[in-house]
Amino acid sequence: DDLMISTSLPDRPAQFALNKLDTYEYVDLCFSGGLNGERLAFKASSTASPSRNAILDENLPWHVFTEARYGFIKYMGIAKWPAKLYKDLCALFVRIESHLLHRTDAGKRALLEYQARARRDWHD
């Protein structure tokens, strides 16, 4: 048996994001840019505070939003968010991504703004 121990840790959010998730606080989906080697909010990070280069949800590129929300949903489950809230947020993301407005750049901007406001409003 030639089993080896992995040399890398599995992807996980930064500690500050995990803390917010554990206490059901609002956390932006992405905090340092996008793809192509830039870190997503729900990718591995050892930082204890958000990056000053954070991109607010409403300003995310569409492809980054769609990738980042997968990690958000995963860690909502790990943090054991209440089942109704978990289902409601999953439904929100499905509706956002399947809405007819997502076919245009202006529509995507509107949908990103809507989901960010809707999630922030819930936490206020």
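In the structure shown, do any of 20/80; 20/84; 87/108 have a Cα-Cα gap over 20 Å, and if so which?
In this structure, 87/108 exceed 20 Å between Cα atoms.
Sorted from largest down, give the three principal axis spans of the alpha carbons of the range 80-124, whole angstrom values.
The Cα atoms of the range 80-124 stretch 35, 21, 11 Å along the principal axes, largest first.
Quick one: grab the alpha carbon gyration tensor of the range 47-121, order the square roots of its eigenvalues as a ≥ b ≥ c, and give me rounded if a/c is under 1.5, else prolate or oblate depending on whether a/b is larger than b/c.
oblate
Using a 10 Å cut-off on Cβ atoms, rank the peptides 115-121, 65-71, 97-103, 76-82 from the highest mean neighbour count down.
65-71, 115-121, 76-82, 97-103
Would you calculate the separation in nanometres between label points at residue 106 and residue 62, each defined as 7 Å from the Cα along the Cα-to-beta-carbon direction?
About 1.4 nm separates the two model spin labels.
No value in this document is a laboratory result; all are computed from the given coordinates. As the structure is a prediction and not an experimental result, all values here were calculated from the model. Ideal geometry is used to build each Cβ from the backbone, glycine not excepted, and the neighbour counts take in all protein chains shown.
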